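Taking it in order: structure first as structure tokens, then the write-up.
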Amino acid sequence: MSVAIIGGTGLTSLEGLEITRREVVRTPYGEPSSPLIHGCFRGYDVIFLARHGYGHNIPPHKVNYRANIWALRHLGATHVVAVAAVGGIGEPYGPRRIVIPDQIIDYTHSRRCTFFEQDLSHVTHIDFTYPYDAGLRDRLKAAAEKAGVDFVDGGTYGATQGPRLETAAEIERMRRDGCHLVGMTGMPEAALAREAELAYAHCAVVANWAAGHCGQIVSMDEIKEHLYYGMESVRQLLGRLPAPDRAVP
Ligand code: HPA
């Protein structure tokens, strides 16, 4: 079994990863966001992929999600921890909070969202009732506890198209829909992982209050600062992630 980590905004490299090799993977869907990095992180083997490229130059709507997931599976990953910066919609989802969400609402559009669209012998529908892998969520929670990282267990991730941030009215609608978090990269990544039969879970870091909070506008400087501290917690958590073939104590 093999763990892959997809790093998002604020985690384009994994400090402490002992890199053994970099691999450029060609896929039937085009180029992944970046070469894939094989290495050892705090005692377990990982494959690391920077979702937005190492120069952080690929915006959320341009990420080649199909190539990324295909490449991870091709290299033998079985479990994918997707790290993502998000906006928080109300308490307890405030800045710097780590969240392991349990549901998704998809507001994205015009993205290549399936592997099942060409040369089909039959139409394929995947079950997506529970979009995140329960076992991997448990491992993330156990790792957070071991690392002493405060986290929120559960929450609904609303995936928006971006790259602009949302209006206050859009966030108000998302709140009414039941969203607790807003981000731009969670879909179709999670659905593609399910299609590829990879166990997938999100480790979300709240970078800011979502639009409209207390009548304020979203400050990029604040996002940067919260992400800096939030990603340090993520690194601590990932450092205690038991590899999938090791028992959770
Ligand atoms: N909205 C969408 N995506 C985000 C946000 C946000 O407020 N913060 C970080 N990623």
* Odd one out for D177 among (1) in contact (Cβ under 8 Å) with a residue 60 or more places away in the chain; (2) under 18 Å from A84 (Cα atoms) -> (2)
* Kindly establish whether Q118 is without any contact (Cβ under 8 Å) to a residue 24 or more places away in the chain and of a type outside the set (A, V, I, L, M). => yes
* Sort through V218, V205, V182, V149 and tell me the only one that's surrounded by fewer than 24 Cβ atoms within 10 Å (Cβ to Cβ), in contact (Cβ under 8 Å) with a residue 24 or more places away in the chain and within 10 Å of the ligand (Cβ to nearest atom). => V218
* Structure fact -> Of the residues in the stretch 34-88, those that are among the charged types (D, E, K, R), within 24 Å of S233 (Cβ to Cβ) and away from the ligand (no atom under 16 Å from the Cβ) come to R42, D45
* To do: State yes or no: is P92 closer than 16 Å to D153 by Cα and more than 13 Å from the ligand (Cβ to nearest atom)?
  => yes
* Structure fact -> Within the stretch 164-179, the residues that are more than 10 Å from the ligand (Cβ to nearest atom) and surrounded by 20 or more Cβ atoms within 10 Å (Cβ to Cβ) are C179
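Bear in mind these aren't lab numbers, they're just calculated from the coordinates by the rules spelled out. Nothing here was measured: the structure is a model prediction, and the numbers come from that model. Cβ atoms come from the backbone with ideal geometry, glycine included; neighbour counts cover every protein chain shown.
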